[in-house]
Amino acid sequence: MTSLTAELSAIAGRAFEAEGFAAALGTVNASDRPDLAQFQCNGALAAAKLAAQGDADSYWRTKIGLAHVFAENVLARAPSLAAAIQMGADDLTATSPQALGATT
């Protein structure tokens, strides 16, 4: 069985690859700020820095472009998953991050 973090990483990785970046930039981990979200992906900042190479305009264009890719590839699926997420919300929030695949 694939962990939730692995599944989210695969989705985000495909989005980064679609924009010409390494799939590894899509790695999803347990959030450093669980009060805000359960998971985080820090690849957008790294990708923007790689793309910019000193060009501030390129940096911001890349960040905006990656936000569009995320919205089209990940957020677009959210409404169809809402019922399943809500049905399992109590079980999921009672589950430890390690049970969801966290390595920390």
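We did not get these values from a lab; they are worked out from the coordinates using the rules stated. Worth saying up front: this structure is predicted, and the values here are computed from it rather than measured. Here Cβ is always computed from backbone atoms with ideal geometry, including for glycine, and neighbour counts include all displayed protein chains.
In plain terms, the chain from M87 to W60 could stretch by 5.9 nm, reckoned as 0.36 nm per residue minus the Cα-Cα distance.
Charged neighbours of A23, selected by a Cβ distance under 15 Å, balance to -2 (K, R count +1; D, E count -1). FRET efficiency for the pair A76 and Q98, taken as 1/(1 + (r/R0)^6) with r the Cβ-Cβ distance and R0 = 41 Å, rounds to 0.85.
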